[in-house]
Amino acid sequence: MTVVITEPNDHEHHEHEHHDHKPGGIKRWLYTTNHKDIGTMYLVFALIMFFIGGAMAMVIRLELFQPGMQFVDPHFFNQMTTVHGLIMVFGAVMPAFTGLANWMIPMMIGAPDMALPRMNNWSFWILPFAFLILLLSLFMPGGGPSFGWTFYAPLSTTYSGDSTALFVFSVHIMGISSIMGAINVIVTIWNMRAPGMTWMKMPLFVWTWFITAFLLIMVMPVLAGVVTMVLTDKYFGTSFFDAAGGGDPVLFQHIFWFFGHPEVYIMILPAFGIVSAIIPTFARKRLFGYASMVYATASIAILSFLVWAHHMFTTGMPVFATLFFMYATMLIAVPTGVKVFNWVATMWRGAMTFEVPMMFALAFIVLFTIGGFSGLMLAITPADFQYHDTYFVVAHFHYVLVTGAVFSIVAAVYYWLPKWTGNMYDETLGQWHFWCSLISVNLLFFPMHFVGLAGMPRRIPDYALQFADFNAFISIGGFLFGLSQLIFVWVLIKCARGGVKATDQVWEGAEGLEWEVPSPAPYHTFETPPVIK
Amino acid sequence: MAKTRSIRWSLPTLLLAASANAAAMPLNMTKGVTEISQEVYNLHMTIFWICCVIGAVVFGIMFISILLHRKARGVQPAQFHESTKIEILWTAIPVVILIGMAIPATKTLIAMEDSSAADVTVQITGSQWKWHYKYLGSDLEYFSVLATPREQITNRFEKGENYLLEVDRPLVIPTGQKVRFLMTSDDVIHSWWVPAFAVKKDANPGFINEAWTRVDEPGIYRGQCAELCGKDHAYMPVVVVAKSPEDYAAWKLAEETRIADAKAAEQELLAMNMDMSELMANGERTYIAYCAACHQPNGGGLPGIFPALAGSNLILNDKTAHIDIILNGKAGTSMQAFGRQLSLKELASVVTYTRNAWGNDTGDAVQAADVYKVQQGEGE
């Protein structure tokens, strides 16, 4: 970034701080239209959801610790896998990224707030209700949704319990929240950049979120459509997915994955932006290939609309359709590779230090790439017939989502926490958190590759004896990873309550507008736009 | 198994066991027993090694950089930050590698999809939670259900060697012949998978999918349903026995004879009356095997998804409707049509059992002839 602020407005800030007019107590949080408050709420909400979804993962791993049924029955096990997936995708990863967008995008582009602050409040505050509905459905007679987070028809229509209605309603609310958040991001970036903040000067986090927001606007209505079709098939006598009425169950999968594949990029593009911010800071060297990073992100986003059926190779598609989706999927490896190469080139001949954000970012690059490799293997259709719906797939998407998306979010929190709180986090505890997470997450997910290759299907509560040792091992990794995250909470609370005062720039190599404002960032920033040369 | 028990009690033992017994579980994809499965394995290994080489290069450079280019060594950061040449290079090289990979993958895929000119065709129908095999061009058809006893699943008995991978009647196919599978489903989507054949194909309700295999080695091959199909998804294994063409022909003849004999015996049964205790004992066995997964061993069902049978209005007040729902199922629910899955004797017993167990004291002894009447549309 060649950002230079010619008129630092610190002076004006201090004047304005006296005119905050923020109400105290709960009203501040209920009524707030401040992007920083809303960002904080999103992040705290995501953290709570991460622990609730994580608790469900612990139930899953407990039952899978040994063959045979010990703790829960298969029906409840299916509810756990389903709700774990829904909560982690829609409740943890997506709101965490939205929270980071809220906090950072206005500060990164020199805007005073998000463009549509009231809608911003609304898009956050409907979210807790969506998840309350989803979680309460677990207590209905017949239990909560148990058809997997992918809710394939007709398991989710004719053969599901009555919690399906609540599930559909809850997904609708999540969708509305995401769409509003995405509109806000696009409008803010399009209209509120400070003078001189041209498109190709925007930080990559802003770019990746801009592109993500377009993906969201395009696919969340598709999700809303497909859940509505599930609802009407179940309750109102339509037969979109029922062959007996002229429908087709595979149609469900086409619609779902037309949403679902771009959705996985929604959960990883902002991560690319975060890593592209952290690596240059701690390498003390400009990001290599900025322009190619922007183009690679856009290419990935466009390709993400052309690969959805690679989730459906076993459904019996015509061979030419299968070939098309295989080639298109393999092609995605190219721009993704470009990103990884650019990050490595950024590190090359830099002067690196290894604070916690950098450690998580480095782990992200290696482990996300491993997830990318297994993704490439999954693209090879004949081999996919053997991998499909096994633990190999579970290993793959947890590498890209946990050591990918979640690690990037954790990296981002450590990176910007001093800016948010004005205090440095405890570096020693942070390093403990990193190393415990790194080791346990690999004990947890790496052996899943082997279990999957050996033939263990996913979404089963009980398994053949040959898988016993590995599953016990994986479960121990899972419990350790769960426990390691308690260190994170400890670090966060400790940092929020005090610590070494952070400087404005926080990190020696940090560049960008967010580092020009004081730490902690004042309630209102950039009320007068900075000018960037 | 002793191995499993040691895991239960001791963590250090577990960690040792995990390495000592690693040989028990293959660490890689099976090569399988067919030409196709061998090709699939080769593709898997090719792409695996490509990933390993790329990984070694990228991570290698990254770790060298981490070792050398650290501030602690007093280095000054370089200033370079872009190069169009290098961007083009590392876009082009992966494209070439991928094209190299796509060619063999395409060849194998096209071979896998060619199910023409089959010697034997079997229609495979999935339903919650069992497989049904029907040999086209013959009267031979039967259900294949999990044979692992419930007591092993609930940890009351020691688990057997093929825990959850054993069925009462496996699919039998001839070796050296092209066997075509036509997959479909009666309810939700299932997926028929035998790793040794590299065949995994979804069974979609209302549609038919095709797959094929040609097995050269006689043997027993095990797999599982691969698509989440509800509560007992973990409990619908696939077992295929490949026999030499001679053994296969002999087996098939014996099975066809057995089916014909059983049909004749059913006709005799219509004239017979079983006593209540025999009906109840038979009925309980059948109930546990076919009904208890949903309606539960105590007849209490699962509220909100599977109705209770104990105290059920339909059972207590309408015998014909009771027999009818067991015979023909209930459209739009998980209740299957058991008319074609169970013998008249089993049907009569299970009707009697459910009419008299758990306080459903109707006192009715339902005979095979009563069931037959409803089946023929002559209900009382």
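Just so it is clear, none of the values below were taken in a lab; they were calculated from the coordinates. It should be emphasised that the depicted structure is a prediction, and the values quoted were computed from it without experimental measurement. Cβ sites come from the backbone with ideal geometry, for glycine too, and all protein chains shown count toward neighbours.
Summary table
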{"quantity": "Residues B:W90, A:W103 arranged by fewest to most Cβ contacts within 10 Å", "calculated": "B:W90, A:W103"}
{"quantity": "DSSP H segments from chain A that extend 24 Å or more along their own axis, Cα-based, with Kyte-Doolittle mean of 1.0 or above", "calculated": "A:35-63, A:163-191, A:204-235, A:319-347, A:356-379, A:468-497"}
{"quantity": "Of the DSSP H helices in chain B, those whose Cα atoms cover at least 30 Å axially and whose Kyte score averages -1.0 or more", "calculated": "B:35-68, B:84-112, B:245-269"}
{"quantity": "Cα centroid separation, segment A:281-319 to segment A:469-533 (Å)", "calculated": "27"}
{"quantity": "Within 10 Å of each Cβ in B:201-213, the average number of Cβ atoms from other chains", "calculated": "5"}
{"quantity": "Amide hydrogen neighbours beyond the local backbone of B:E166, cut-off 5 Å, H modeled", "calculated": "B:A147, B:T148"}
{"quantity": "Averaged over A:144-150, number of beta-carbon atoms from partner chains that fall within 10 Å", "calculated": "2"}
{"quantity": "Check: segment A:10-515 dipole with +1 on Lys, Arg Cβ and -1 on Asp, Glu Cβ, in debye", "calculated": "560"}
{"quantity": "Net dipole in debye of segment A:162-282 [+1 Lys, Arg Cβ; -1 Asp, Glu Cβ; about Cα centre; nearest 20]", "calculated": "580"}
{"quantity": "Peptide ranges A:363-371, B:206-214, B:186-194 listed from the most packed, as the mean C-beta count within 10 angstrom indicates", "calculated": "B:186-194, A:363-371, B:206-214"}
{"quantity": "Over chain B: helical MRE at 222 nm, DSSP H runs n ≥ 4 each giving -39500 (n - 2.57), nearest 500", "calculated": "-14000 deg cm²/dmol"}
{"quantity": "Average beta carbon contacts from partner chains per residue of B:62-69, 10 Å cutoff", "calculated": "5"}
{"quantity": "Neighbourhood net charge (10 Å Cβ-Cβ; Lys/Arg +1, Asp/Glu -1) for B:H322", "calculated": "-1"}
{"quantity": "Segment A:406-533, dipole about Cα centre (Lys/Arg Cβ +1, Asp/Glu Cβ -1), debye to the nearest 20", "calculated": "300"}
{"quantity": "Cleavage-rule hits (trypsin sites (Lys or Arg not before Pro)) in segment B:304-360: DSSP loop, at most 15 neighbouring Cβ within 10 angstrom", "calculated": "B:K330"}
{"quantity": "Chain A: calculated mean residue ellipticity at 222 nm from DSSP helix runs of at least 4, using -39500 (n - 2.57)", "calculated": "-21500 deg cm²/dmol"}
{"quantity": "Packing-based ranking, highest mean first, of B:364-370, B:148-154 given that Cβ atoms within 10 Å are counted", "calculated": "B:364-370, B:148-154"}
{"quantity": "Listed residues B:Y372, B:A337, B:I288: farthest to the positive end of the dipole of segment B:270-375 (Cβ charges)", "calculated": "B:A337"}
{"quantity": "Relative packing of peptides A:395-402, A:196-203 - highest average C-beta neighbours within 10 Å first", "calculated": "A:395-402, A:196-203"}
{"quantity": "Burial ordering of A:E263, A:E508, B:E141, fewest other beta-carbon atoms within 10 Å first", "calculated": "A:E508, B:E141, A:E263"}
{"quantity": "Relative exposure of A:M267, A:M180, judged by other C-beta atoms within 10 Å (fewest first)", "calculated": "A:M180, A:M267"}
{"quantity": "Whole-Å distance, taken between Cα centres, linking segment A:240-277 and segment A:336-360", "calculated": "31"}
{"quantity": "Dipole of segment A:10-515 [Lys/Arg +1, Asp/Glu -1 at C-beta], most positive-end residue of A:N184, A:I279, A:M88", "calculated": "A:I279"}
{"quantity": "Cβ-based charge dipole, segment A:10-515, positive-most Cα from A:A464, A:L483, A:T98", "calculated": "A:T98"}
